[in-house]
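The values are calculated or read from the model by the stated rules, or taken from the named source; none is laboratory data. As the structure is a computational prediction, the values presented were derived from the model and not from experiment. Here the Cβ positions follow ideal geometry from the backbone for every residue, glycine too, while neighbour counts run over all protein chains shown. Remember, those area values only see protein heavy atoms, side chains included, never the ligands or the DNA or RNA. Shrake-Rupley method; radii C 1.70, N 1.55, O 1.52, S 1.80 Å.
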Amino acid sequence: MGRFLYLFLLVVMMSFSTSGQSKSAIANFQKAKEAFKQNDEEKGWTYLEKAIKKGGNTYYQPLIFAGDRRFKEGDVLQSIAYYDRALQIQELSSIHLKKSIVYKYAGEFDLAIDSYQLYMKNARMSKERFRASELALNNLKFTKEKYEEYMALGAPLEVVKLVFSDEKMEYFPSPTGDDRKLLFTARMVQDGAPSDENLFVAQRSGRGWESSAKPVLGRVNTRINEGASSISADGEYMVFTACNRPDGVGSCDLYYSYFDPVKGWGFPELLPGKINTKRWESQPTLGPDGTTLYFVRGSHSQADDLDIMVAYKDDEGIWSSVEKLPSEVNSSGRERSPFIHFDGTTLYFVSERSPSIGGSDFFMAKRLSDSTWSEPENLGFPLNSFGDEFSLVVNAAGTHGYLSSNRGKDIVPEQDAMAEMDLYEFALPEKMKPEQRLFKDFVVVNEATRIPLGLANVKLKGLDEKEVYAGTSSKNTGLVRAMHDGANDLRISAYKKGFLPYSAVVSKGDLIDATTIYELPLTPLKSADSFVLRNLLFDTDKSELLAASEQELKLLKKLLLDNPSLNATIVGHTDNQGGRSYNQKLSEDRATAVLQWLVSEGIDPERLMAEGKGMNEPVATNDTEEGRALNRRTEVRLR
């Protein structure tokens, strides 16, 4: 009975509160809202002030509305003043929440936290809502911490809108390895309705970015959507998202295209292998090694199960292995917009995990091994804002980054205002920097005609056996761009069916010279040809093949498999260090070791012979270490 009486009295009081308002105040408040709806700010404020005055000390609704308007206009002090006047009339938890938001945007984080705690104290919440509020409070405290870190840096980090970023919605930037091109997705917004997505490219000259970006040439853009994309380091291969195509597997799939200098981008095809499924695949980012691709998979674009995946390309060019990144990267929230840096180990991505600053923030993680990653780090202010972040990429040098965000010009970004999505550039803070990478361009050519050879298999490894590149030359130009650290020489090999394999060691000096293109000449295959495998390695005075020789051995195996009518004689050579009989036996043993490896890999022993020439057939002087290194070689004679 007592509970019933309480509810009855509460309803009576609420009715009295409503009926007790001045009809004039209510009428002016309605006129104010209508005027603001018509974008008549002056008339709106005139009616609103009348409503506040007529309402006296009982009508708090126009005061809350006035606080909201001032906040939207960026007048923090006036906004708080209106909210405080409303609280003097009626202490509502929602007003404390509004004050907390205003203080947060004003950078007054202690006051924001105090107001949020008052909100929690006064609000009637379910257990689920209380847990969500506790999480929001922790996010607010985290935001304060990150803001103080940012302010302690002294010099503010400037995030500048790119000169070619205009009224279009622009997002998913992807730079080339030389930082001279930026591929991105864009769509126009006309009468509030977005058009279809298309791919654009911006160019950088010696004076900076050109003032306008252009749609990519060729056959990629259509009347339906072309979404997130990733361009290769050399700018001649791309993977992009396309949705609802007749040949598609799921709602959105990943396609690839090669660039032709004359015709532009070629007709796109579905990536072969296990990447595309009946689910939603999008937001690709190509690894610098030519065999790794990260992307996002989920039930649909707004699903709660969006996770970052990684795929690996096999020797046949098929993306045959796909894995979900481990829990260090993929949280219980949504992960999206991955970008793997040119160092192959630093991953930037967007996540909705907590603690966070906005609805979704930029994070960075480092790959520690093939299966483990570092704990992701929130990149903090000013890269993360109170809005939703979209995508972030970093140039090869690790000096500058590019991001897309809906932060716009307003102090309060519209959470769903995609029309505010623009591209920005910023100098990278020290703590965010990846390992710096340089680029070196190679071109595979026909030695006889000097014509570039596309889709040749090219591999580069460091002397420490760390793989730098293991892909193919560009289909139409034969180009390969290797992203390297500039610290050491690299072993390189190239092969294409119908040609002899090529191998060499590229010096550090040649690698750091980005102004020249290093040629990889392939000799057309003829019987009775011979060639030297430069990167077949043995320990000093031993005949056991080192693990580093595998790259070269696989080339020889591939040559024999592609040409079943060819036979081969493996010939070992040494320098003149040691006795003649000793070197003769060493050369024979080394040639035999190569033959035995080929047989173990399935090559018919009837097709193979091994012989040693010892120190009898030098190709250079034995008076220098460089000459002796050339004389220590393994030759293959075809028959």
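Across the stretch 85-98, the qualifying residues are those that are open to solvent by 70 Å² or more (accessible area, probe 1.4 Å) and not in a helix (DSSP H, G or I), and the one among them that is farthest from residue 58 (Cα to Cα) is 91. Applying the criterion of being open to solvent by 50 Å² or more (accessible area, probe 1.4 Å) and without any contact (Cβ under 8 Å) to a residue 24 or more places away in the chain to the residues of the stretch 54-84, the residue that is nearest to residue 103 (Cα to Cα) is 77.
Filtering the stretch 334-365 down to residues that are in a loop (DSSP other than H, G, I, E, B), under 22 Å from residue 135 (Cα atoms) and touching an Asp or Glu at 6+ places or on another chain (Cβ under 7 Å), which residue is least open to solvent (accessible area, probe 1.4 Å)? So that I can check it myself, show each step before the final result.
Taking the stretch 334-365 and keeping what is in a loop (DSSP other than H, G, I, E, B), we get 334, 341-345, 352-359.
Okay, now just the ones that are also under 22 Å from residue 135 (Cα atoms), so 334, 352-359.
Remaining after also requiring touching an Asp or Glu at 6+ places or on another chain (Cβ under 7 Å): 334, 358-359.
Working: 334: 47, 358: 13, 359: 41 Å².
In this case the residue turns out to be 358.
A residue that is more than 21 Å from the chain's Cα centre (by Cα) and closer than 25 Å to residue 439 by Cα can be found somewhere in the stretch 238-261. Quick check on residue 101: is it in a helix (DSSP H, G or I) and either at pLDDT below 95 or over 20 Å from residue 356 (Cβ atoms) (or both)? Answer is yes for this residue. In this structure, is residue 293 under 30 Å from residue 388 (Cβ atoms), of a type in the set (A, V, I, L, M, F, W, C) and open to solvent by less than 10 Å² (accessible area, probe 1.4 Å)? Judged against the criteria, residue 293 is a match. Pairing residues of the stretch 417-430 that are within 16 Å of residue 179 (Cβ to Cβ) with residues that are modelled with pLDDT under 80 and in a strand (DSSP E or B), at Cβ distances under 9 Å and at least 6 apart in sequence or on separate chains, gives 423/405; 424/405. One residue is enough: does the stretch 24-44 have a residue meeting the conditions β-branched (Val, Ile, Thr), closer than 28 Å to residue 111 by Cα and over 41 Å from the mean Cα position of the chain (by Cα)? No: the stretch 24-44 contains no residue that is β-branched (Val, Ile, Thr), closer than 28 Å to residue 111 by Cα and over 41 Å from the mean Cα position of the chain (by Cα).
Could you check how many residues of the stretch 218-235 are part of a loop (DSSP other than H, G, I, E, B) and over 13 Å from residue 268 (Cα atoms)?
Residues that pass the stated criteria total 7.
Do you know which of the residues in the stretch 570-583 that are among the β-branched types (Val, Ile, Thr) and more than 26 Å from residue 315 (Cβ to Cβ) is surrounded by the fewest Cβ atoms within 10 Å (Cβ to Cβ)? Filtering the stretch 570-583 for residues that are among the β-branched types (Val, Ile, Thr) and more than 26 Å from residue 315 (Cβ to Cβ), the one surrounded by the fewest Cβ atoms within 10 Å (Cβ to Cβ) comes out as 571. For beta carbons closer than 6 Å, sequence separation of 6+ or different chains, a first residue in the stretch 614-633 that is on the phi > 0 side of the Ramachandran plot and a second that is of a type outside the set (Lys, Arg), the qualifying pairs are 614/574; 614/583; 614/584; 614/587.
Looking only at the stretch 561-572, decide whether some residue is under 22 Å from residue 632 (Cβ atoms) and charged (D, E, K, R).
The answer is no; no qualifying residue exists.
Evaluated against (1) closer than 30 Å to residue 149 by Cβ; (2) open to solvent by 20 Å² or more (accessible area, probe 1.4 Å); (3) in contact with a Gly (Cβ under 7 Å, 6 or more places away or on another chain), residue 431 falls short on exactly one condition, (3).
Restricting attention to the stretch 210-231, the residues being under 23 Å from residue 425 (Cα atoms) and surrounded by 18 or more Cβ atoms within 10 Å (Cβ to Cβ) number 7.
Just one of the listed residues (586, 556, 598) is surrounded by 19 or more Cβ atoms within 10 Å (Cβ to Cβ), in a helix (DSSP H, G or I) and touching a Lys or Arg at 6+ places or on another chain (Cβ under 7 Å), namely 598. For beta carbons closer than 6 Å, sequence separation of 6+ or different chains, a first residue in the stretch 569-593 that is without any contact (Cβ under 8 Å) to a residue 12 or more places away in the chain and a second that is in a strand (DSSP E or B), there are no qualifying pairs.
Of all residues in the stretch 198-219, those that are free of Cβ contacts under 8 Å to residues at least 60 places away in the same chain have Cβ atoms under 8 Å from Cβ atoms of residues that are of a type in the set (Ser, Thr, Tyr) and in a strand (DSSP E or B), 6 or more apart or on another chain, in 198/185; 199/185; 199/229; 200/185; 218/257; 219/257. Condition first: part of a helix (DSSP H, G or I) and open to solvent by less than 50 Å² (accessible area, probe 1.4 Å). Now tell me which residues in the stretch 116-139 satisfy that. Those that are part of a helix (DSSP H, G or I) and open to solvent by less than 50 Å² (accessible area, probe 1.4 Å): 116, 119, 120, 133, 136, 137, 139.
To keep it simple, each residue is scored yes or no on (1) open to solvent by less than 70 Å² (accessible area, probe 1.4 Å); (2) within 30 Å of residue 95 (Cα to Cα); (3) of a type in the set (S, T, N, Q).
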residue: 141; (1), (2), (3): no, yes, no
residue: 152; (1), (2), (3): no, no, no
residue: 156; (1), (2), (3): no, no, no
residue: 160; (1), (2), (3): yes, no, no
residue: 163; (1), (2), (3): no, no, no
residue: 183; (1), (2), (3): yes, no, no
residue: 189; (1), (2), (3): yes, no, no
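Residues in the stretch 601-639 that are surrounded by 14 or more Cβ atoms within 10 Å (Cβ to Cβ) and of a type in the set (S, T, N, Q): 622, 631, 634.
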